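Student: If you scroll down you'll find the structure; I have some questions about it.
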Amino acid sequence: DAAVARLTGVEPEIVDPLGGSTLHVAGAGFGAGANVRAVRVGGVAARSFEVGADDTLTVITDAVPAGEGLDLEVQVGDAALRLPGALTAWSPAELPGARLFDAAAGLTLEEATTTYEWQRLTASIGDDWRVRDGNTLNWLPSTGRYWMVAGWNGYQVPDGFSPEPPGMYPPLNTTDEVWSSADGASWRLERAHGTAGFERRHSHNTVLWRDALWMIGGDTHQGFYNHDVVTSADGVNWRVVLGPGTTPPPWSPRALQTTGVFDGDLWMAGGQDLLGPIEDYTYHNDVWRSSDGEHWTQVVPDAPASPTRWAGCGVLDGLVSFRGEMWLVGCARERENAEGHLMFNAVWSTRDGVEWRAHATPPWAGKIWPNVVVWDDKLWILFGYTYGDQAHGFPAGNANEAWYSEDGETWRSLPPDAPVPGSHAQGVAVTPEQLVLAGGNYGFGFGAGVDKSTWRLLPFRGRAAQAWRDRGADALSVVAPDADARPVVVPDAFGPGSPGVQFDGSRHVFTLPEGVADAQAAGRSIFWVARAPYLPSPWGWTEDYAPLETVLGGPAAAGGLPESGVGLSGGQLVVVNREAGLGAAGEPLYARLTAGENLQSGAGEPRLMGVTHAPDGTLRFFVDGESIGPPQRAEYGAGRAWSRLGGGMDGPYYGPGSRFAGTLGAVVIAPGVVDPATHARLAAWARGRFGTAP
């Protein structure tokens with residue numbers, strides 16, 4: 001009860017004068033039988049507080065006057081508990097000459113918007129998982145798991161599925177394996193190759209309908225058509241509803257048809273021949289529907305293309321239900337080689353499967369083996385093989401494109417240099433919270449080694465930021481120069497009431513006015529708080545002039561190349577720095593210095609990271625208040641300067657130029673090398689404001 005209530009400590013001991021710092025209060029008597037009525041910091045009521053247990057209390061501060069010796073007061077029942085002088089209200093803006101870009105202050109906000117971020121869930125599904133494409137991926141709510149079904153791998157056992165040497169026809173390189181995962185990161189084999197109870201296949205469709213998975217069709221890699229309808233209520237036990245061993249489906253045998261759910265029924269449409277002379281192929285546009293998966297009604301037969309009927313085609317992962325209609329987004333005709341494929345970028349919708357309405361021609365190029373899904377209340381088409389669209393910066397080959405539309409008429413894309421590699425024939429599943437990718441043609445590596453990773457796409461909602469003013473005495477401002485691509489301020493990015501600035505790693509950047517740079521002649525200390533997911537280096541990427549994810553970029557020096565850049569790459573802290581002199585061929589000399597490891601994984605944990613750089617060239621790296629690795633050396637010269645937040649140089653490198661992907665909570669640029677006491681204070685401030693590691 002209140003008679004035994006007491007306070008024993010508080011961590012951290014630094015709160016920000018603006019408020020929004022989280023304090024962890026230790027003591028006793030907070031929980032059962034007691035009543036925490038109020039909490040005050042420096043005499044100011046806390047913004048919120050929560051009792052976690054009898055001896056823990058979490059407090060979020062409100063704005064308080066700057067200064068030392070603030071009391072912490074907790075009213076427990078009738079007892080007024082107090083830790084006198086336990087806290088200091090301070091921020092890095094108080095450092096002489098410092099710049100503090102803080103996501104809680106100084107941002108000029110525009111319209112509400114949503115940005116999206118790819119996050120790698122795992123680097124490997126498992127040692128015994130063989131890379132594949134043409135698999136499907138679905139979320140089955142009744143099991144609480146993702147289900148990956150079937151696929152193709154052209155290698156021999158043990159790397160692939162075929163026990164026979166190449167050249168055998170029909171090949172044995174498709175599978176009926178079934179894998180599942182609760183989170184997209186940890187996977188288990190549910191049905192081994194050859195044991196699932198349905199024909200092995202590739203480029204089929206699997207949809208969720210009436211709390212079960214329903215699978216239809218495939219291609220002819222195995223030498224015959226998958227002329228069937230197969231279902232499973234649990235992902236493990238599969239039943240052939242129509243097909244081998246029972247009545248065949250009523251439509252003609254075919255490959256690459258597309259399946260969907262609309263108006264409460266299961267639908268199948270389109271497809272094509274893949275066996276026999278290519279000149280005799282039929283490309284279908286008939287439409288079928290079923291209310292039980294076993295009995296099917298032909299809605300319309302094959303017919304010539306017209307203003308109300310799309311031309312026969314398929315090779316598409318999904319008819320989808322969107323805005324009260326069924327949609328066919330893109331379509332293709334598979335031929336004997338990549339150069340012969342016909343790919344359409346038309347968009348059609350229907351309310352009955354009979355009369356189809358053509359929508360505006362989308363800006364994306366036609367694709368083969370893409371995914372079409374409805375997610376985040378938008379219509380999406382993702383990945384696929386394409387002949388490219390040079391006008392929009394999308395090259396030919398496997399695409400890493402992700403396009404979305406809110407109405408089926410107007411389309412936007414995620415950055416063309418998004419981190420997921422270009423791919424086709426992958427599995428994509430959606431839940432209300434996220435979109436998950438597993439499998440796909442990118443996994444074969446194409447000279448870069450196999451890739452067994454899985455990814456998810458998450459939305460981040462906030463308001464676009466046009467400018468960011470620092471909290472320091474000079475109130476220096478940076479501006480987002482691209483009016484169509486502003487960083488996004490997410491209100492609760494680092495916890496309730498703790499905002500962050502979300503960067504997309506491609507188009508988002510803040511810059512000082514053109515030609516303006518901010519120099520620190522007597523050395524500098526650069527620290528930032530960030531949540532930075534893993535970002536893979538593009539194949540062939542070299543960090544000659546800037547880190548892959550530059551947090552603070554230097555201005556252009558001679559030859560248009562930057563003096564320095566500080567950021568992240570491959571889970572390490574990285575500095576790329578212009579050195580004195582020239583190389584043997586007269587080219588500029590750059591040093592690339594690194595420290596730390598595993599600083600980026602999954603969604604990215606909030607970390608305080610940074611460097612100090614002294615005029616004598618001594619460079620030190622820091623993570624969460626601790627020095628990482630031995631001192632290193634990098635040229636400082638007459639003084640280094642910066643001109644960008646969230647990005648390095650523009651140029652013929654990664655996208656618009658080595659830009660940061662993730663969420664920045666704050667960036668501190670201070671002249672000189674901070675002393676250990678100041679560094680400790682900075683780390684304590686970051687723990688309270690952003691939840692960085694102690």
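Student: When the Kirkwood radius is taken over all Cα pairs of region 44-83, what Stokes-Einstein diffusion coefficient follows at 20 °C and 1.002 mPa s, in µm²/s?
Tutor: Stokes-Einstein gives a translational diffusion coefficient of 186 µm²/s.
Student: I'd like the FRET efficiency for ALA123 and ASN35, computed as 1/(1 + (r/R0)^6) with the beta carbon distance as r and R0 of 56 Å, rounded to 0.05.
Tutor: 0.70
Student: Quick check: the angle from helix 676-690's long axis to the longest principal axis of the chain, C-alpha only, nearest 10 degrees?
Tutor: It is inclined by approximately 50 degrees.
Student: What distance in nm separates the simple spin-label points at GLU94 and GLU514, each placed 7 Å from Cα in the Cβ direction?
Tutor: Placing both labels 7 Å beyond Cα along the Cβ direction yields 4.1 nm.
Student: How fast does the chain diffuse by Stokes-Einstein, in µm²/s, taking the Kirkwood radius from C-alpha pairs at 37 °C and 0.692 mPa s?
Tutor: 118
Student: What is the percent carbon and sulfur in the accessible area of region 219-261, measuring with a 1.4 Å probe over the protein chains and ignoring ligands?
Tutor: Carbon plus sulfur share of accessible area: 59 percent.
Student: Moving on to the next point. Per the 1.4 Å probe, what fraction of the accessible area of region 435-482, in percent, lies on carbon and sulfur atoms?
Tutor: On region 435-482, the fraction of accessible area on carbon and sulfur atoms equals 49 percent.
Student: Quick one: of the DSSP bridges fully inside the chain, what percent are antiparallel, nearest 5?
Tutor: 95
Student: For region 557-666, just say rounded, prolate or oblate: build the C-alpha gyration tensor, square-root its eigenvalues into a ≥ b ≥ c, call rounded for a/c under 1.5, and beyond that prolate if a/b exceeds b/c, oblate if not.
Tutor: It comes out oblate by the Cα gyration axes.
Student: Run through the DSSP bridge list for region 1-155 and note the antiparallel percent, rounded to the nearest 5.
Tutor: Looking only at bridges with both residues in region 1-155, the antiparallel portion is about 95 percent.
Student: Right, another one. What part of the accessible area of region 1-115, given as a whole %, is carbon or sulfur when the probe is 1.4 angstrom?
Tutor: Ligands and nucleic acids excluded, carbon and sulfur give 49 percent.
Student: While we're on this one: Along the Cα-to-C-beta direction of VAL354, a point sits 7 Å from the Cα; which residues of region 257-277 have their amide N less than 14 Å from that point?
Tutor: From region 257-277, the list is empty.
Student: Let me ask something else. Give me the number: length gained by fully extending LEU589 to GLU111, i.e. 0.36 nm times residue separation minus the C-alpha to C-alpha distance, one decimal in nm.
Tutor: Additional length available on full extension: 167.8 nm.
Student: How large is the direction-averaged shadow of the alpha-carbon convex hull of region 479-552, in nm²?
Tutor: Dividing the Cα hull surface by four gives the mean projection, 7.2 nm².
Student: OK, next. Once every Cα of region 352-391 carries one equal point scatterer and solvent is ignored, give the base-10 log of I(q)/I(0) from the Debye formula at q = 0.24, 0.25, 0.32, 0.33 Å⁻¹, two decimals.
Tutor: -1.01, -1.04, -1.08, -1.08
Student: For VAL501, what is the net charge nearby, where nearby means another residue's Cβ is under 12 Å from its Cβ and Lys, Arg count +1, Asp, Glu -1?
Tutor: Around VAL501, the charge tally is +1.
Student: Please compute, for the alpha-carbon atoms of region 19-79, the extent along each of the three principal axes and give them in descending order in Å.
Tutor: Largest to smallest, the principal-axis extents are 35, 21, 17 Å.
Student: In nm, what is the difference between 0.36 nm times the number of residues separating GLU579 and SER291 and their Cα-Cα distance?
Tutor: 96.6 nm
Student: So with the 1.4 Å probe, I'd like the accessible area per residue for the chain, rounded to whole Å².
Tutor: Value returned for the chain: 37 Å² of accessible area per residue.
Student: With the alpha-carbon atoms as the only input, what is the per residue convex hull volume for region 46-131 in Å³?
Tutor: Expressed per residue, the convex hull around the Cα atoms of region 46-131 is 278 Å³.
The values are calculated or read from the model by the stated rules, or taken from the named source; none is laboratory data. Values in this document were obtained by computation on a predicted structure and should not be read as measured data. Glycine gets a Cβ as well: all are built from the backbone with ideal geometry, and neighbour counts include every protein chain shown. Ligands, DNA and RNA are stripped out before the accessible areas are found, and what is left, the full protein with its side chains, is counted by its heavy atoms. Shrake-Rupley method; radii C 1.70, N 1.55, O 1.52, S 1.80 Å.
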